[in-house]
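**Student:** My structure is below; once you've seen it, I'll send some questions.
What follows is calculated from the coordinates using simple rules that are stated; it is not laboratory data. Predicted model only: the values in this text are computed from it and were never measured. Don't worry about glycine lacking a Cβ; one is built from the backbone with ideal geometry, like all the others, and counts go over all protein chains shown.
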């Protein structure tokens, strides 16, 4: 067992053995390292002013991804290379091409969001030689700018893409081999890491009163016990640690748990970080379907899911921003049990199964039965989500997912509906699965609508006759995202939209023509 | 002298009218631009955090702060009793805004106490530990609730009238009486509020504040400390965005930091969390416009009688001037033969609303554009034709007088709109769109072309003054300081261009320094789009004084006449001799010439009598027009902005690149206000859209798919402003009204354009769908 984490920060090797489980990368950069180029705009992963790149070893080699430093806990950085805006320009002050393009195109006004945009553009530079407009906008979904209206920033990205200048000094190209060797060395001997810090410290002050009744609140350990950061050595080790610490908080991407800390100031220790566990990172397919490890990020799942089930790919494009997709996991989206998570309705409609694992074994259940009630899931102490199996839809199946939100991108659903239909030779409904998020306390199937459709001829008249049954299935709430009336009416209209699409009469808003994207 | 060493370039870098990049652009992209939170911590720095009310309206019966004081890391807890001077930060002297509440809270989130702790985190945690006992009082958070409860007004209302609206409203064949609801808006500057206070000897305190109004922060700090203003120095190098949200709202953070700094003799930093910032600082005012308009079959307006009610929040703050400006823009670009417009600044139990880009103007104009829509749908005319028929006329037309009795002069709107109508191909596209809509069951399109005419000057005449301080050092380098603040708009760059141009030196010879109350006193807020007009002229005045002294010196020393002295790029021609600028300046220094000057400017011509509703409140008008095309999904209300064309008047631009940036940015911000940005309070009066997760400003993928922005390059200010330029901060914001109107047209297609959709703002997908459903029922 080790008692410190190791990572690389820009050009420096870092070993840290004294930090709180909830200490964020952003605070570490700004307060401890005085790397103040990385800004705090919202402390909840929505504005991107704190964007940094984190490089990690994957099966495809060393990969750098933009992440929100404000909700990234230090403990999750073991074996990574953290790159901040200070690392980009050459030593003589020459700007990196993405920085120079931002200057040339007047891409900054107040400048506060700018380092975050630069880092997102740099992440795009590293991953895509010639991004089109759609890819540029997707890369910038997690960055808010209030001054420029984005036009000059997109132009800067286009300028770099069209005439990709060479950056001989590009720090990550220059040092790639050396960085990879160092990261391999850190990762070569998987070992459990436990970092303990005294609880009465800056980060933990007053914890005992904060958010006591919140779900997920953990009370393990008295005030005198140290707060623990735990990195399991393997999935088996994870199961063992969790059985010994059933109240621990499991953290993969921290895109949700991060806010428990920064906004609700909850105490969440001991914290078990699982983002580094390669056993949970695999996504595979066979003729029956796709198996997604609980630790697979949206970004890593995107290519395969887009190829196999395009509607799922289009949904993922609209989940969070790039920084959230790079670390957020489908497993986490399910495990936290939110009624407005985007992937559960889509996966329930596909008939996905969930496998839970613990020290004593595994069990598999239909995904929909995991969600018991608002804030309550069928996960026993010591259990964790191991994988999701998504059966392959039949070639003749119709499948669609519709996410409805106030803002098109990087918004939380007002409602999200998924429809999965097969018809028999006579045009009658053979199978139908409809699931919605945002319509009830859990992601939930529209069983009354389904029953009314089943066996009937799939027709305009049928849709008109059954659409009001959504009112039997769902009694949604009114909140800041939408009123109950809007949610109910839109759910019905989405069935209409689905019918029109299956009838070849669908119409949708398209931001980019197909040839562009 | 060896002439080969002379700079003989034909022009300087960075003259007026050149597209210079922002002076901090290089620092922005490298992360080295210093914001207040980036300043190295002074030794012994402590952090402040707020304890907030969780009631919208209640008497405070008791406050128990023992647990707060006992929390780890807490150094002190301050209540109103710890304020040595006045417990008040009301910006306009109403004395209605306590820094910390004592026996009454009037909005959910109102500050009651302030924790000072070793770390920011410790302070935030401790601030949640108070036990406060309240006795609830009735509360209302919106305009409807205020009217139902007979809410008081937070300040004196205003009425503008010309002609006989009350009687003439009967004397036209057509008439519409209806209402429009207009939502508020959160500023969402990326850098939240922040103050850093450092105590000094005697009463002294220095405060770094992210503020658009350092002089007011100085005044407020002195006011709450009960000391003279001379003991307080306020500094602002740059803000990470302001948009009006840092005109008065920074006072509370600066004042509390200063009080704690003096009480504890420690440096204090106060940086609220984003959610806290959004909960405790004011926003754009929501409005409800009740309009009664009569008009003729040809679409010309005869009479208008309208009331502009505003959600002001619990105190006045700037609600008086904001609702005034709504009335000043209730005409948009249109002549009303008979008009009466009145404001109703209503008190609500919400955070006190404040300045926001446009300052009431957008709401006033939006009401006018709704009225145009009503007329268009009632008469079957193209809304653009209705607009043109109601435009103010040229002198002699009898159609030039505003409701506040100022003549509209130098009116270029008609030609500007004609040019945009042609360049955007408005007519043909409108025909194509109506044809498309006829055969498209789900997706519908809309197009609209709307004008902007925005009055430039503070309507409070006294604020139209500015100062600058220019030092020329004896090495030829120049130190520039003025009362304007930099929030991203490029003011510092533009004023430096003025100075470079005056002295004919390269702009990198000029050091742009932080706005500091100790250098230029009694400044106005950088607001009302006036920053360059005022500070540019003040800097010009300072340069003029120094240049006059230098010319006198040259005449003496070289024995030439004034017309033989010429400032060439980085050098002077004196008689037959060429002298490098720095050599010349050094010679002047040795001759004991004063190389420093304080410049001053006051805007001419303006005056305003609020009681009479008459005067000349605006020095000039800035114009613009935009044409937007959108698509909506009639099943869900979702939409996209397909194309926007803009033609905008900035006079003779001081910096076209920066001006285009203001136009694009202002437009997208305005589009956010009218589309996805929605403020939502729950039944307890708690703002629930208090973070970017719940409050949705536009993203890159929301901006128009095609975005053509042009300056009207032929335009020139009819008044002698700096370089004949025009203000650009606020006017482009209102170009976004065309987006709402285009959405409205797409909705109108449902009922064959025979019914005004009355699409209120913000037009969220939900509001669009509700409007679609309403028209389907007709």
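**Student:** If we count other beta carbons within 10 Å of each Cβ, what is the order of B:135, A:137, fewest first?
**Tutor:** Listing B:135, A:137 from fewest to most nearby Cβ atoms yields B:135, A:137.
**Student:** Let me know the shape class of chain B, please: from the alpha-carbon gyration tensor, a ≥ b ≥ c as square roots of the eigenvalues, rounded when a/c is under 1.5, otherwise prolate if a/b is greater than b/c, or oblate.
**Tutor:** It is oblate, given that a/c is not under 1.5 and a/b is not larger than b/c.
**Student:** Kindly express, to the nearest 10 degrees and within the range 0 to 90, the angle between helix A:176-187's C-alpha long axis and the longest C-alpha principal axis of chain A.
**Tutor:** 80
**Student:** Helix-derived [θ] at 222 nm for chain A: sum -39500 (n - 2.57) over DSSP H runs of at least 4, divide by residue count, nearest 500?
**Tutor:** Result for chain A, helices only: -8000 deg cm²/dmol.
**Student:** On a C-alpha basis, how far is the centre of region A:236-258 from the centre of region B:184-218 in Å? Whole number, if you could?
**Tutor:** Computed from Cα coordinates, the inter-centre distance equals 42 Å.
**Student:** Between the alpha-carbon centers of region A:72-120 and region B:71-101, tell me the distance in whole angstrom.
**Tutor:** So the separation of the two Cα centres works out to 40 Å.
**Student:** Rounded, prolate or oblate: which fits region A:110-165 when a ≥ b ≥ c are the square roots of the eigenvalues of the alpha-carbon gyration tensor, with rounded for a/c under 1.5 and prolate only if a/b beats b/c?
**Tutor:** Judged from the Cα gyration tensor, region A:110-165 comes out prolate (a/c at least 1.5, a/b above b/c).
**Student:** A further question follows. Would chain A count as rounded, prolate or oblate if I go by the C-alpha gyration tensor, calling it rounded below 1.5 in a/c and otherwise prolate when a/b exceeds b/c, oblate otherwise?
**Tutor:** In terms of gyration-tensor shape, oblate.
**Student:** In whole angstrom, how far apart do the alpha carbon centroids of region A:409-458 and region B:408-469 sit?
**Tutor:** Comparing the Cα centres of region A:409-458 and region B:408-469, I get a distance of 44 Å.
**Student:** Right, next: Taking the Cβ of each residue in B:684, B:262 as the centre, tally the other Cβ atoms inside 10 Å and list the residues starting with the fewest.
**Tutor:** B:684, B:262
**Student:** Angle check, please: helix A:298-308 long axis (alpha carbons) against the longest principal axis of chain A (alpha carbons), in degrees 0 to 90, nearest 10.
**Tutor:** 40
**Student:** Only counting other Cβ atoms within 10 Å, I'd like B:235, B:696 sorted with the fewest neighbours first.
**Tutor:** The order, fewest Cβ neighbours first, is B:235, B:696.
**Student:** Okay, next question. Can you give me the relative contact order of region A:97-168 as a percent, contacts being Cα pairs under 8 Å and 6 or more apart?
**Tutor:** Over region A:97-168, the number comes to 50 percent.
**Student:** Using only DSSP helix segments of four residues or longer, with each worth -39500 (n - 2.57), what per-residue ellipticity at 222 nm results for chain B after dividing by its residue count and rounding to 500?
**Tutor:** Here the helix-only value at 222 nm equals -8500 deg cm²/dmol.
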